[in-house]
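Report on the structure given below.
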Amino acid sequence: ARYPSSGGIVTFLLRAFGRGHVTAIASWLLYFAALTVTAMVSVSFGQYGSALFFGGSTAWAKVLTVAVVLAATVVNIAGAGLLDRWQTWVVVVLLAVFAGFVAVTLARTDVHLLAPATYPPFADIVSSVALTFFAYLGFAVVSFTGGDLPDPGRNLPRAMYLALGITITLYVLIAVGVFGTLTVQQVVDNGETA
């Protein structure tokens, strides 16, 4: 909101450190972090898609993983205009899928599975919570819209807090649904798709 721009995090690095080694190194680190996250999301999608449509086939998981990478490449080459047109529909579909998942799992929740006695060791909980870092990396993208928003000083914080609130609520409901319908061991055994 303070520096409304569509330049992304590099805009903030340039404002804070100017052109130099710190900005260059941080930009490269962010670039490699984005590659890592893209790889993780693509592999996860491949696993989910294969489990859902192809009986967990390893070959199909790899095909679907590559398909996601290629689709992301096409979208990036095509530019922001294509992304703008499809983004709203993708979000609506994803929210509908999540809402359906939450409704089904919460309706089938066994509260005994949520008892503290069933929790895994504390170290395992901490390491799984650390993975949420990747889930929240995308929220930096909300700040990248500042240059395109009317009244970014007012609308950008509202968009950020609304997006975070919706996501936190969904994640908590999904976690309760998963651990209320599966044992901890079932979640561990099916980590990619649990």
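The values are calculated or read from the model by the stated rules, or taken from the named source; none is laboratory data. Since this is a predicted model, take the numbers as computed values, not measurements. As a convention, Cβ positions derive from the backbone with ideal geometry for all residues, glycine included, and neighbour counts pool all protein chains shown. Just so you know, the surface numbers come from the protein's heavy atoms only, side chains and all, with ligands and any DNA or RNA stripped out. Shrake-Rupley method; radii C 1.70, N 1.55, O 1.52, S 1.80 Å.
Residue by residue, segment 58-64 carries 3J(HN,Hα) couplings of 5, 4, 5, 4, 5, 4, 5 Hz when phi is fed to the Karplus relation 6.51 cos²θ - 1.76 cosθ + 1.60 (θ = phi - 60°); x denotes Gly or Pro. Where [x] 17.3; [y] 18.2; [z] 19.5 are the candidate values, the label of the one calculated here for Kirkwood radius over Cα pairs in Å is [z].
Mind checking the full-extension length gain between ASP189 and ALA34? Use 0.36 nm per residue of separation minus the Cα-Cα distance, one decimal, nm.
Working: separation 155, 0.36 × 155 = 55.80 nm, distance 2.79 nm.
Extra length available between ASP189 and ALA34 comes to 53.0 nm.
Run lengths n ≥ 4 of DSSP H only: what is the helix-derived mean residue ellipticity at 222 nm for the chain, with -39500 (n - 2.57) per run over all residues, to the nearest 500? Kindly include the intermediate steps, with their values, before the conclusion.
Values: 9 runs with 144 residues, N = 194.
Calculated mean residue ellipticity at 222 nm is -24500 deg cm²/dmol.
Taking the Cα centre of the chain as origin and assigning +1 to Lys and Arg Cβ atoms and -1 to Asp and Glu Cβ atoms, the resulting dipole is close to 520 debye. Taken one residue at a time, the phi angles of segment 31-37 give Karplus couplings (6.51, -1.76, 1.60, θ = phi - 60°) of 4, 5, 5, 5, 4, 5, 5 Hz. Gly and Pro are set to x. Length gained on full extension, LEU52 to LEU114, computed as 0.36 nm times the residue gap minus the Cα-Cα distance: 19.7 nm. Computed from backbone phi, the HN-Hα couplings of segment 104-111 come to 5, 6, 5, 5, 9, 5, 9, 4 Hz, rounded to whole numbers (Karplus: 6.51 cos²θ - 1.76 cosθ + 1.60, θ = phi - 60°; Gly and Pro given as x).
When only Cα pairs under 8 Å and 6 or more residues apart are kept, what is the percent relative contact order across segment 1-109?
14
Label-to-label distance for THR132 and ALA16 is 2.3 nm, based on points extended 7 Å past Cα in the beta-carbon direction. Around SER6, which amide H atoms from residues at least 5 apart in sequence, or from another chain, sit under 5 Å from its own amide H, with H modelled in the peptide plane? Distant-sequence amide H within range of SER6: GLY147.
If I compute solvent accessible area with a 1.4 Å probe over the protein chains, what percent of it on the chain is carbon and sulfur?
Working: 9750 of 13560 Å².
For the chain, the apolar C and S fraction of the accessible surface comes to 72 percent.
From the largest down, segment 84-194 spans 50, 29, 22 angstrom on the principal axes of its Cα atoms. Scan the chain and report its longest stretch carrying no trypsin sites (Lys or Arg not before Pro) that are both in a DSSP loop and have at most 13 other Cβ atoms within 10 Å. The answer is 20-107. Looking at segment 24-79, the accessible area is 69 square angstrom per residue; that uses a 1.4 Å probe and ignores ligands, DNA and RNA.
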